[in-house]
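The values are calculated or read from the model by the stated rules, or taken from the named source; none is laboratory data. Remember, predicted model here, so these are calculated numbers, not experimental data. Here the Cβ positions follow ideal geometry from the backbone for every residue, glycine too, while neighbour counts run over all protein chains shown.
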Amino acid sequence: MNYYEHIQTEDPELYELLEGEEERQRDGLELIPSENYVSRAVREAMSSALTNKYSEGYPGRRYYGGQQFTDQVELIAIDRAKKLFGASHANVQPLGGANANIATYMALMNPGDTVLGMDLSHGGHLTHGHPVTYISKIFNFVRYKMKDIETGEIDYDALRETALKEKPKVILAGFSAYPRELDWQRISDIAKEVDAVSVADVAHISGLIAGGSQKNPFEYGFDVMTTTTHKTLRGPRGGMILVNGKNGRGVNGADDASRAEDIAKKIDKAVFPGLQGGPHMHQIAAKAISFREALHPSFKVYAKHVVENAQAMAEVFQNAGVRLITGGTSNHLILADVFGSLGISGHDAETLLDQAGITLNKNSIAEDVRKPMDPSGIRFGTPAMTTRGFGKAESTQVAGLMIDVLTKRDEATVAKAREAIRTLAQEHSVPDSFL
Ligand SMILES: *Cc1c(COP(=O)(O)O)cnc(C)c1O
């Protein structure tokens, strides 16, 4: 079936590229832990007539007319998001995870205020105040780290001490390259002690939380969650901010609900008009569809398999003598010190595996001895391959092929792995529907 009929006749140049990407995704194996495949329904929403519509504002309070359908679309997305995460409020307009974070900082702080977040080299994200970002010039970012890289345990005592000393307005907990679960209760208690707003950036793991494979920070008193919608949550590329109505933080006689309402109001204002213009309503419709898919019982099974598959791959790597940062994984991703263990740089590992049809990324590891552009590690994960229906047996096989390629590094081994990957990919096409 040709999904690009009109592009094919009107713009053959672009058609070739889109078909190329379709084929790349079909025949190769996607192990980038922040990527996934969406359903046909989500893709249809992304190409719907809603892309033509301006809807600045919020349902019932828009700057333009003609909102009888868009209002309903956004309300449905909000309602499903709240249900999925047990939130009292959801803003589904952030265009991506970065926007969700920036809007949250703007909502909760004034320029110059302090944020306490995870060290970037220990798994934090660019938007957590990396010096190359504009946001790092506006707010003052201070850091906490792991206490033990071999187990991944965060240094919670140091986190608390830094919080007491720096008096941050926001304590940020979240990561893009950390394979373990955080002690949400501990961090939320510290935030309460220093009267900071607790924000969990669950961009990577929101699908695992929605599917019940990881703990929900809201159950441990976190105030706010920010997330992408396109990683483990398996929706369209986008972002979202959620507020907890039962944060246990009611102060000065005000109850939890009014604290949450106050935060929610500030967040809505920060997203629009503070940061963004018109919301992408086609994307919001696609979010609503993916939230419905995530509310379906089959999503629980998916989330469980994502973690099981990652653990199966981790085992193969460890049996081959590869050091894994934090000693394994409790979620969907693995961070392997290929330079320290196999003597191949993260960059070269990425290139070789790419030739074998396996897409992943080089990644810095904690206390890396190499430079960020040519680090020691590779990061990979199972969300996309699990969507294709891979189980433990296939995950073990893929990990075995990776080890083969990374240890032998000759053309014949790469070619053999490429064939095996193509066969696996062809046997496991992405389903049109997940329901
Ligand atoms: C991916 C990610 C983001 C940014 O999401 P974009 O949609 O790429 O802007 C923010 N925070 C964390 C922890 C992430 O992993």
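Data table
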quantity: Which numbered condition Thr413 misses (of (1) surrounded by fewer than 18 Cβ atoms within 10 Å (Cβ to Cβ); (2) in contact (Cβ under 8 Å) with a residue 24 or more places away in the chain; (3) in contact with an Asp or Glu (Cβ under 6 Å, 6 or more places away or on another chain)); calculated: (2)
quantity: Qualifying residues in segment 104-118 (those that are surrounded by 17 or more Cβ atoms within 10 Å (Cβ to Cβ) and over 17 Å from the mean Cα position of the chain (by Cα)) - the one farthest from the ligand (Cβ to nearest atom); calculated: Thr114
quantity: Failed item, numbered, when Arg237 is tested on (1) within 27 Å of Asp337 (Cα to Cα); (2) modelled with pLDDT of 95 or more; (3) within 12 Å of the ligand (Cβ to nearest atom); calculated: (1)
quantity: Residues of segment 212-238 that turn out to be touching a Leu at 6+ places or on another chain (Cβ under 9 Å) and under 13 Å from Ser290 (Cβ atoms), as a count; calculated: 5
quantity: Residue within segment 287-308 that is of a type outside the set (S, T, N, Q), within 16 Å of the ligand (Cβ to nearest atom) and assigned by TED's automatic domain parsing to the domain that holds Ala336 present; calculated: yes
quantity: Matching option when the condition is within 16 Å of the ligand (Cβ to nearest atom) and under 15 Å from Gly96 (Cβ atoms), among Thr232, Thr228; calculated: Thr228
quantity: Residue list for segment 125-142, filter: in a strand (DSSP E or B) and either within 15 Å of the ligand (Cβ to nearest atom) or in contact (Cβ under 8 Å) with a residue 40 or more places away in the chain (or both); calculated: Phe141
quantity: Matching option when the condition is farther than 28 Å from Phe380 by Cβ, at pLDDT 95 or above and either in contact with a helix residue (DSSP H, G or I) (Cβ under 8 Å, 6 or more places away or on another chain) or buried (at least 18 other Cβ atoms within 10 Å of the Cβ) (or both), among Val243, Val251; calculated: Val243
quantity: All positions within segment 315-352 that are of a type in the set (A, V, I, L, M, F, W, C) and without any contact (Cβ under 8 Å) to a residue 60 or more places away in the chain; calculated: Ala336, Phe339, Ala349
quantity: Odd one out for Pro179, checked against (1) over 25 Å from Ile267 (Cβ atoms); (2) modelled with pLDDT of 90 or more; (3) away from the ligand (no atom under 16 Å from the Cβ); calculated: (3)
quantity: Some residue of segment 190-207 being of a type in the set (Lys, Arg) and within 16 Å of the ligand (Cβ to nearest atom); calculated: no
quantity: Enumerated helices (runs of 4 or more DSSP H) restricted to segment 307-422, each holding at least 2 residues that are over 30 Å from Ser39 (Cβ atoms) and among the small types (Gly, Ala, Ser); calculated: 338-342, 346-355
quantity: Test for His122: is it under 22 Å from Ser34 (Cα atoms) and touching a residue at least 40 places away in the same chain (Cβ under 8 Å); calculated: yes
quantity: Verdict on Arg43 being farther than 24 Å from Arg292 by Cβ and away from the ligand (no atom under 16 Å from the Cβ); calculated: no
